[in-house]
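Report on the structure given below.
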Amino acid sequence: MGRPVVLAALTAAAAAAVTVGIAGPASAINSYNAEPAPERTEVGALVVQYDRDGDPGTPDVVRWTCSGTMISADVFLTAAHCTVGRPAGTRFYVSLAQDVQGAIDASNALGGTPEQIAARVGVEGTAHSDPAYPGTQSDSHDIAVITFDRRQSAELARRWSFTPATLPARGQLSALGSRALDDRPWLVVGYGTREAVNGPGGHTHPGGGVRMKATLDFNAINPTWVRLAMNESRELGGACYGDSGGPNFVELDGRLVLAGTTITGDVPCKATNVTYRTDSDSARAFLGRFVTLP
């Protein structure tokens, strides 16, 4: 599952997958200690158009499903579990709107074909996942990008103004070490749902679809993962369902660096955000096919 605190955009598919595991969908920014992030215009939502019931006579579904970040003018970084295993014919779009759920609702109200509904919400691109996914627990290779051709990237720039996120240098987090990483502020951003709410039927994760942010704290690092703490009692926030693929920034030399992408965490989205490092050799081997790396 995904991370709980900051993001609040859990999809029905993500809601069904409430198990803890590296390959599960990540969560959204939760409601406690979180706030809207209109200034983080490089962070967007992954919108999918797909056939839900296998019946070509019924219209496709258009919904947002994960989060991600523009890392160049024509590349959007997200998680492989957001793109792999989709029904045949699934189409991928990216929206950089602050309120993507509102945009979907408005587009549905206007009517039209699923393609028209999705195109009003986001810009279509092509999904590429790390071919080694799902990998192993030590390195899941849970990383993917959406790429845009010249026309599509021009449409993105026309609809939304953004500055691509900064990626770290190779092994930059390891070079800093745990003590230095613990001294620096961390920020998670995404569209996911809120933390678990207890009800008659068990846990639910309400909300989602609005870009949110929250501060978290460093916990631990290993060769491919960074674990971040998101405890409410420590005035921290975090990620939840629908935040999968979204960025976790750390401040280095006065600027925010995209250190990891949200992948998983605890089921109720209250304690830990597990992020996939973007400075690892495996992540860089994949990303180097699409962007120039520092």
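Bear in mind these aren't lab numbers, they're just calculated from the coordinates by the rules spelled out. Remember, it's a predicted structure, so these values are computed and weren't measured experimentally. Positions of Cβ are backbone-derived with ideal geometry, glycine not excepted, and every protein chain shown enters the neighbour counts.
Using alpha carbons only, what's the Rg to Rh ratio of the stretch 53-151 with Rh from Kirkwood?
Checking Rg against Rh, the ratio lands at 1.00.
Using the alpha-carbon centroid of each, what span in Å lies between the stretch 97-122 and the stretch 123-184?
The distance from the Cα centre of the stretch 97-122 to that of the stretch 123-184 comes to 25 Å.
Under a Cβ-Cβ cut-off of 14 Å, what is the net charge of the residues other than Arg284 that fall near it, where Lys and Arg count +1 and Asp and Glu count -1?
Value of the local net charge: -1.
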